[in-house]
1. If a residue counts only when it is without any contact (Cβ under 8 Å) to a residue 24 or more places away in the chain, which helices (runs of 4 or more DSSP H) contained entirely in region 105-196 have at least 1 such residues?
2. Taking only pairs six or more apart or across chains, which ones have beta-carbon atoms under 6 Å, a first residue in region 43-69 that is within 25 Å of V238 (Cβ to Cβ), and a second residue that is assigned to a helix (DSSP H, G or I) and open to solvent by less than 20 Å² (accessible area, probe 1.4 Å)?
3. On the given criteria, is E267 more than 16 Å from the ligand (Cβ to nearest atom), open to solvent by 20 Å² or more (accessible area, probe 1.4 Å) and among the acidic types (D, E)?
4. Which members of region 243-268 meet the condition of being under 24 Å from C190 (Cβ atoms) and acidic (D, E)?
5. Are any residues in region 120-130 on the phi < 0 side of the Ramachandran plot and open to solvent by 20 Å² or more (accessible area, probe 1.4 Å), and if so, which ones?
6. State all residues of region 261-279 that are assigned to a helix (DSSP H, G or I), out of contact with any strand residue (DSSP E or B) (no Cβ under 8 Å at 6 or more places or on another chain) and modelled with pLDDT of 95 or more; if no residue qualifies, say none.
7. Being part of a loop (DSSP other than H, G, I, E, B) and either under 23 Å from G123 (Cβ atoms) or open to solvent by less than 10 Å² (accessible area, probe 1.4 Å) (or both) is the filter here; which residues of region 208-231 pass it?
8. Can you name the condition, by its number, that I175 falls short on among (1) touching a strand residue (DSSP E or B) at 6+ places or on another chain (Cβ under 7 Å); (2) not assigned by TED's automatic domain parsing to the domain that holds K225?
Amino acid sequence: MKISVSKEIGFCFGVARAVKTAIEASNKYEGRVYMLGDIINNEIVIEMLKGKGIKKVDRLEDIPNGDIFLVRAHGVPPDTFKMAKKKNLVIIDATCPMVQKIHGAVVSFDRKGYRVVIVGDRGHDEVIGIAGEVESPIIISDKKSAEKARVEGMKLGIVSQSTQYERDVSEIVDILKKKADEAVASNTVCNSTKTRQREAARLSKENDVMIVIGSKRSANTGRLKMISEENNPKTKMVLTKDELDPIWFEDAESVGVTAGASTRIEEVDDVVGVLEEMS
Ligand code: SF4
């Protein structure tokens, strides 16, 4: 069985930076570092960080005054920073610079009088963080909601969540452009996401079976699965090698492998190792 692995695997730049920042913080401030929710969407990595003494809380109020607040890779709304300062927390900001750029873009659109539109998953941490920068942004999660959006007569400034599907974003932008008086879009899908998505599309067309490695909680991994499924019904998603089922590969001559931005290279190597044994 021929095994083809995506050109882009392992942590993306933003996740690698966040994990490194978290580990450095845990060494420096032993036992005093807190993450609000998960710093990245991968349970294996979160357990590893907890093992290093980093604690997870669901509310900022649960971090003791004066302790360390580690901001997740997908960012938080400005109000969270304000609250953290009020509590005298030491803020270590692991927000991905690509996400920070999106925050900057919506602020800039807002200042220029555009109504901000965020193409993204309603309720996702990154979208909540970006939305918090401006008054009443419009959140569009799919083409259906773009069709329904009442934006006639408006001047729109459009951004997208960094891990949205490029193709869907451009279709949504086209729909909004036809409806609004004016619409300007900033392309904010990050490069790592674009490469992973293009590779998932290519590999899923070229191979009999497709394996997507990553957490079910990870939006970008879910998107890779969706893209792959469009081309290949034999797409399977696993968190680790232990979830691989030999039945999936019966009669298969080739398998493609891709992984989400928060999937460690170790999990990819393990999966490829098992596939090689099956070959
Ligand atoms: S997927 Fe892109 S935006 Fe998100 S953390 Fe990684 S590099 Fe940053």
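1. Those helices (runs of 4 or more DSSP H) span 143-148, 166-179.
2. L49/A22
3. Taking the combined requirement at face value, the residue does not satisfy it.
4. Result: E266, E267.
5. D121, R122, H124, D125, I128
6. I265, E266, D269, D270, G273, V274, E277
7. Result: G214, S215, K216, R217, S218.
8. (1)
The values are calculated or read from the model by the stated rules, or taken from the named source; none is laboratory data. Note that this is a predicted model, so its numbers are computed, not measured. With ideal geometry, Cβ positions are generated from the backbone for all residues, glycine too; neighbour counts draw on all protein chains shown. Heads up: the accessible areas ignore ligands, DNA and RNA and are worked out on the full protein's heavy atoms, side chains in. Shrake-Rupley method; radii C 1.70, N 1.55, O 1.52, S 1.80 Å.
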